[in-house]
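The next block holds one structure in the form of structure tokens; read it before the comments.
The values are calculated or read from the model by the stated rules, or taken from the named source; none is laboratory data. These figures come from a predicted structure and were not determined experimentally. Reconstructed Cβ throughout: ideal geometry from the backbone, glycine too, with neighbour counts over all protein chains shown. Side chains included, ligands, DNA and RNA excluded: accessible areas come from the protein's heavy atoms. Shrake-Rupley method; radii C 1.70, N 1.55, O 1.52, S 1.80 Å.
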2 protein chains.
Amino acid sequence: MLPPDQRDRLDVVLVSPRNPLNIGAVARAMANFGFEQLGVVAPYAEHWREARSAVGAPELLANATESATLAEAVAACTLVVGTGSLTYRKAEQPVVPLPQLAPVLAAEFARGGRVALVFGPEKHGLTREDLSYCHVLVEIPTDARQPSMNLGQAAAVCLYEVAVRTAQSEPAPQHPGSTAPSGSLERLAGLIEETMTAAEYSPATMQAANRHDLRLLLRRLRLNAHDTRRAMGFFRRVLRRLLQDRS
Amino acid sequence: MLPPDQRDRLDVVLVSPRNPLNIGAVARAMANFGFEQLGVVAPYAEHWREARSAVGAPELLANATESATLAEAVAACTLVVGTGSLTYRKAEQPVVPLPQLAPVLAAEFARGGRVALVFGPEKHGLTREDLSYCHVLVEIPTDARQPSMNLGQAAAVCLYEVAVRTAQSEPAPQHPGSTAPSGSLERLAGLIEETMTAAEYSPATMQAANRHDLRLLLRRLRLNAHDTRRAMGFFRRVLRRLLQDRS
């Protein structure tokens, strides 16, 4: 099993879960495999209340953190792993089959990183925007005739794999994570976006698409905390100059 | 993933499942990982009907076989694997942690065997008698503070492990299975029991305990079909003589 100091550096994040039974099932699987850090993004208030007050609900539900956006929920994480079935879309990030996830997590834990395992809503899974916060997508190998898993069961399978196989695994020499926490990358992206605007780099209609691509790019570059700080300093300077020139 | 001819030689057997949602969840996990053979032992009639008629129930539920006893349900199987948490009792069979089950199943499939994966009722799991039909027990490694898993989630985790890891695994050189189907071992056990009675081997009060030990012994001996036939012939002969002497 995973040593406690690594277990505590894994956040399970549920984006807008709908069914209280599923929320309870995810929490139970977490307790079964020794994980305690649950984050919930924009839950349906009533269902969330119901899940937390259910008889026999694991204690970790009471301690779960709630946030309005996925960006907030994963701000402290250096490796964000999205889950879901990729049957109907092409991934914009590296895809790792679940049985090969262990070396990636082992490497991230070895260098002191913090991992988020993100699950989408029951009906349609994570959106393209949600996925843009992910360094890597993990796919559970399922039968093509019935690829889509129940949320509680998918969580149980992922957490089993992580708990059992990460500790035995050699860290992957190169992997899709980044040592800069997700929150720093978001601040850098914001600054670059301001710079784009100030430089009139592209029309306003392109702003959302640019932001999306930028988010993916920054995660693909594997920037560490030092890189991120330097890039911030550089873009702050550029931005100040651009704004001075204009005034 | 497991090749289809091996997938079709794995039976999932539920003993007296109670919650229709759990039955549906097990069926769904089976469909996710490509398994189709479901057997149900002594189900609660109403809950079983409800599970089968649920909206979106996988087709394999309609084709599930129903039997009155576990002995019947696993009669054709050469390796019967019991599941459950062993926190409160000592196992009478070899225990294999789930992450080490693959080589055992690979060996059994390689020699043409048929495997049953048996799950007990939600509340208390498999009884000691149920377990006496099992060649081996599999244990999912869970946290000591919350060892007991939900039925649907336990099934998902087991089936994931079997589907993903068995095909890649080297068959175990020696493993706890037997090439004689469970039904033949039961017939042999019945004959030995008759012989015990005819020979006045032990008092009638010991009969249940003897039967239990005999069942465990026959599974531990790893008898193949040929051994079993010879033993049957031998005990038939002994029994006939014993009964002749008496008359």
I'm checking my understanding of the structure. Among residues of the range B:218-233 that are among the aliphatic types (A, V, I, L, M) and part of a helix (DSSP H, G or I), which one is most open to solvent (accessible area, probe 1.4 Å)? B:225
If the Cβ limit is 8 Å and pairs must be 6+ apart or interchain, which residue in the range B:150-174 that is free of Cβ contacts under 8 Å to residues at least 60 places away in the same chain pairs with which residue that is of a type in the set (Gly, Ala, Ser)? B:157/A:156
Would the range B:77-90 turn up any residue that is at pLDDT below 95, closer than 30 Å to residue A:57 by Cα and within 12 Å of chain A (Cβ to nearest Cβ)? yes
Single residue of B:82, B:56 found to be within 30 Å of residue A:148 (Cβ to Cβ), out of contact with any helix residue (DSSP H, G or I) (no Cβ under 8 Å at 6 or more places or on another chain) and in the same structural domain as residue B:125 (by TED's automatic domain parsing): B:56
What number of residues in the range B:104-150 are of a type in the set (D, E, K, R), open to solvent by less than 40 Å² (accessible area, probe 1.4 Å) and not in a loop (DSSP other than H, G, I, E, B)? 2
I'm told residue B:125 meets every condition in (1) assigned by TED's automatic domain parsing to the domain that holds residue B:230; (2) closer than 24 Å to residue B:70 by Cα; (3) free of Cβ contacts under 8 Å to residues at least 60 places away in the same chain except one. Can you identify the failing condition by its number? (1)
Being of a type outside the set (A, V, I, L, M, F, W, C), under 18 Å from the mean Cα position of the chain (by Cα), part of a helix (DSSP H, G or I) and outside the structural domain of residue A:97 (by TED's automatic domain parsing) is true for just one of A:236, A:187. Which residue is that? A:187
Which members of the range A:58-75 meet the condition of being in contact with an Asp or Glu (Cβ under 8 Å, 6 or more places away or on another chain) and open to solvent by 30 Å² or more (accessible area, probe 1.4 Å)? A:63, A:75
Reported set for the range B:32-57 where residues are within 13 Å of chain A (Cβ to nearest Cβ) and buried (at least 22 other Cβ atoms within 10 Å of the Cβ) is B:32, B:33, B:35
Taking the conditions exactly as written (hydrophobic (A, V, I, L, M, F, W, C) and assigned to a loop (DSSP other than H, G, I, E, B)), does residue A:76 satisfy them or not? yes
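Residues are listed down the side, and each one gets a yes or a no for (1) at pLDDT 90 or above; (2) out of contact with any Ser or Thr (no Cβ under 8 Å at 6 or more places or on another chain); (3) β-branched (Val, Ile, Thr):
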{"position": "A:120", "(1), (2), (3)": "yes, no, no"}
{"position": "A:124", "(1), (2), (3)": "no, yes, no"}
{"position": "A:135", "(1), (2), (3)": "yes, no, no"}
{"position": "A:154", "(1), (2), (3)": "yes, no, no"}
{"position": "A:165", "(1), (2), (3)": "yes, yes, no"}
{"position": "A:168", "(1), (2), (3)": "no, yes, no"}
{"position": "A:171", "(1), (2), (3)": "no, yes, no"}
{"position": "A:179", "(1), (2), (3)": "no, no, yes"}
Output yes when any residue across the range A:1-13 is farther than 21 Å from residue A:167 by Cα and open to solvent by less than 50 Å² (accessible area, probe 1.4 Å), and no when none is. yes
Subset of the range A:1-37 (residues that are farther than 19 Å from residue B:150 by Cα and aliphatic (A, V, I, L, M)): A:1, A:2, A:10, A:13, A:14, A:15
Can you find a residue in the range B:102-113 that is under 30 Å from residue A:59 (Cα atoms) and modelled with pLDDT of 90 or more? no
Restricted to the range B:1-16, and to residues that are assigned to a helix (DSSP H, G or I) and either in contact with a helix residue (DSSP H, G or I) (Cβ under 7 Å, 6 or more places away or on another chain) or within 11 Å of another protein chain (Cβ to nearest Cβ) (or both), which residue is farthest from residue B:101 (Cα to Cα)? B:4
Restricting the search to the range A:17-31, which residues are surrounded by 21 or more Cβ atoms within 10 Å (Cβ to Cβ) and in a loop (DSSP other than H, G, I, E, B)? A:17
Answer from A:100, A:93 - the residue that is within 11 Å of chain B (Cβ to nearest Cβ) and under 20 Å from the mean Cα position of the chain (by Cα): A:100
Looking only at residues in the range B:151-186 that are away from every other protein chain (no Cβ under 14 Å) and of a type in the set (A, V, I, L, M), which one is surrounded by the fewest Cβ atoms within 10 Å (Cβ to Cβ)? B:172
